Amino acid sequence: MSDLRQACLWETITRPSVAVQPLAGERRADVCVIGAGITGLSAALHVLEQGRSVVVLEAHEVGRGGSGRNVGLVNAGTWIRPDDVEATLGAERGGRLNQVLGQAPAEVFALIQRLGIECQARHQGTLHMAHNAAGIADLQARQAQWQRRGADVQLLTGAACREYCGTEQIAAALLDRRAGTLNPMAYTQGLADAVQRLGGVLLQQSPVQALVRDGDGWQVTTAGGSVRAQQVVISTGAYTEGDWTVLRKQFFRGYYYQIASKPLQGAAADQILPHGQGSWDTRTVLSSIRRDDQGRLLLGSLGRVDNKPAWFVRRWADRIQRHYFPELGQVPWEMHWTGCIDFTPDHLMRLFEPAPGVVAVTGYNGRGNTTGTVIGRAFAEFLLKGDHQHLPIPFSPMKPVSVPSLRTLFYESGFSLYHAGQCLRVVL
């Protein structure tokens, strides 16, 4: 029996490269970015490349939130089907969002190459795996909708499906060659390094306490000092905290957990996702499956396990692994961790302009690696040029999500019940 501890793999294997320095005294910048995750760092990077000055404030450390704790999938598109996006937003706006997010993985991998970021980046695609007949029908619809839009996606069946997935339990899988995988903490740290190389100021352990209008600009205040800036980007996502912002009322918080094995070797391990894709299945309470460059098996699902005993976590992981990959035998599980997701009722993000010179975003719904990268760039272009055409969707009015805490409780209770059923072999 292996020792299973609570720790994030990506934090464990990624050495912090940015010195922790809190804000002290007063600073000035053209743009102040609140939140040193992928969105905020992408925005800072692109502002700096246009010759403007930036101060980034992070309440904790770089990548501490969802940017460093996610699965590491570099997904194309949104959580929902592209036709549903256009039905919700309208053909023009929805089509624009589908186009931007469909191209987002290419932008991520190009940025990684341009900046020389070492983050286990693999541009080999992702696999959306059908666990039953309804799942196959869903993937057939997704394939048809994306192919109408020119996307390089293919529905794998038969021997090809078994080869790519490495399991007999999946009858069909949608291979999206636009997508891929990475180490999200290393990617985030790489963006932070680039921001500092370009002269950006990155201050950690500096939670914001107030954001107030100051003449023709804005003053952002922390316990240690303040930043005076002409423009502000709020990019705190599901980890938004503090009474100074109403952004935390624009989403409801969800959770996602992951469990990593020790590095696996041998023929049985080599057959799992042998071409390097990350994957997830079509269950309502999905299971994600991927491997890292050391051969670890990573399983994940919606919900949280930081409040559950180790035996529960281990039993769930054993159940999923033995269903999909029984040839592995007993797997030595090494660590588990839980992260937060900012959900919206329609599974689409929201862009906000709470006041002139201030922009904010929320509602990535678990697709932050790609969405955060392109939204950060879009915010930089909008702030520097003042042209709304740089945004993938228009700004939305701020409208609080109804009873967010009850929504979180409802979803989490359902996820926990489902996972308990999996552990008891009642459901899978």
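The values are calculated or read from the model by the stated rules, or taken from the named source; none is laboratory data. Since the structure is predicted, the reported quantities are computational estimates derived from the model, not experimental observations. Cβ atoms come from the backbone with ideal geometry, glycine included; neighbour counts cover every protein chain shown. Only protein heavy atoms, including side chains, enter the accessible area calculation; ligands, DNA and RNA are left aside. Shrake-Rupley method; radii C 1.70, N 1.55, O 1.52, S 1.80 Å.
Quick one: count up the residues across the range 132-169 that are more than 26 Å from Val108 (Cβ to Cβ) and in contact with a Phe, Trp or Tyr (Cβ under 8 Å, 6 or more places away or on another chain).
Matching residues across the range 132-169 total 2.
Within the range 399-427, how many residues are surrounded by 15 or more Cβ atoms within 10 Å (Cβ to Cβ) and assigned to a loop (DSSP other than H, G, I, E, B)?
Matching residues across the range 399-427 total 1.
Pull out all pairs, ordered by first then second residue, where Cβ-Cβ is under 9 Å, the residues are six or more apart or on different chains, the first lies in the range 409-428 and is of a type in the set (Gly, Ala, Ser), and the second is assigned to a helix (DSSP H, G or I) and modelled with pLDDT of 90 or more.
Ala420/Phe312; Ala420/Trp316
Only one residue in Ser53, Ser17, Ser2 is among the small types (Gly, Ala, Ser), closer than 27 Å to Val232 by Cα, open to solvent by 10 Å² or more (accessible area, probe 1.4 Å) and modelled with pLDDT under 95, so which one is that?
Only one candidate passes the filter, namely Ser17.
Just to verify a result, which residue in the range 289-307, among those that are open to solvent by 30 Å² or more (accessible area, probe 1.4 Å) and touching a Phe, Trp or Tyr at 6+ places or on another chain (Cβ under 9 Å), is nearest to Ala7 (Cα to Cα)?
Asp306
Across the range 137-154, what is the number of residues that are among the acidic types (Asp, Glu), over 14 Å from Asp84 (Cα atoms) and either in contact (Cβ under 8 Å) with a residue 60 or more places away in the chain or assigned to a strand (DSSP E or B) (or both)?
Qualifying residue count, the range 137-154: 0.
Determine whether Ser67 is in contact with an Asp or Glu (Cβ under 7 Å, 6 or more places away or on another chain) and open to solvent by 20 Å² or more (accessible area, probe 1.4 Å).
Considered against the rule, which asks whether it is in contact with an Asp or Glu (Cβ under 7 Å, 6 or more places away or on another chain) and open to solvent by 20 Å² or more (accessible area, probe 1.4 Å), Ser67 comes out as no.
Here is a check on your reading of the model: is Arg148 open to solvent by 40 Å² or more (accessible area, probe 1.4 Å) and within 30 Å of Ile13 (Cα to Cα)?
no
Before we move on, is Trp244 within 20 Å of Phe379 (Cβ to Cβ), over 16 Å from the mean Cα position of the chain (by Cα) and in a loop (DSSP other than H, G, I, E, B)?
Here the answer is yes, as Trp244 does meet what is asked.
Residues are listed down the side, and each one gets a yes or a no for (1) over 22 Å from Ala43 (Cα atoms); (2) in contact with a Gly (Cβ under 9 Å, 6 or more places away or on another chain); (3) crowded, with 17+ Cβ neighbours inside 10 Å:
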residue	(1), (2), (3)
Gln219	no, no, yes
Gly225	yes, yes, no
Ala238	no, yes, yes
Val246	no, no, no
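Test Glu58 against the criterion of being acidic (Asp, Glu) and surrounded by fewer than 19 Cβ atoms within 10 Å (Cβ to Cβ), and give yes or no.
So Glu58 fails the test.
When residues of the range 102-135 are filtered for being touching a residue at least 40 places away in the same chain (Cβ under 8 Å) and assigned to a helix (DSSP H, G or I), how many remain?
Here the count works out to 12.
Given the criteria at pLDDT 95 or above and open to solvent by 70 Å² or more (accessible area, probe 1.4 Å), does Ala91 qualify?
For Ala91, the condition - at pLDDT 95 or above and open to solvent by 70 Å² or more (accessible area, probe 1.4 Å) - is met.
Mind listing just one residue for me: the one in the range 265-288 that is in contact with a Leu (Cβ under 6 Å, 6 or more places away or on another chain) and among the hydrophobic types (A, V, I, L, M, F, W, C) and, of those, surrounded by the most Cβ atoms within 10 Å (Cβ to Cβ)?
Filtering the range 265-288 for residues that are in contact with a Leu (Cβ under 6 Å, 6 or more places away or on another chain) and among the hydrophobic types (A, V, I, L, M, F, W, C), the one surrounded by the most Cβ atoms within 10 Å (Cβ to Cβ) comes out as Trp280.
Name the pairs: first residue in the range 242-263 and over 17 Å from Phe410 (Cα atoms) and without any contact (Cβ under 8 Å) to a residue 60 or more places away in the chain, second residue crowded, with 21+ Cβ neighbours inside 10 Å and hydroxyl-bearing (Ser, Thr, Tyr), Cβ to Cβ under 6 Å, at least 6 apart or on different chains?
Note: pairs meeting the criteria are Arg248/Thr240.
Answer yes if at least one residue in the range 25-42 is of a type outside the set (Phe, Trp, Tyr), touching a Phe, Trp or Tyr at 6+ places or on another chain (Cβ under 9 Å) and either assigned to a loop (DSSP other than H, G, I, E, B) or surrounded by fewer than 23 Cβ atoms within 10 Å (Cβ to Cβ) (or both), and no otherwise.
Checked against the condition, which is being of a type outside the set (Phe, Trp, Tyr), touching a Phe, Trp or Tyr at 6+ places or on another chain (Cβ under 9 Å) and either assigned to a loop (DSSP other than H, G, I, E, B) or surrounded by fewer than 23 Cβ atoms within 10 Å (Cβ to Cβ) (or both), the range 25-42 yields at least one hit.
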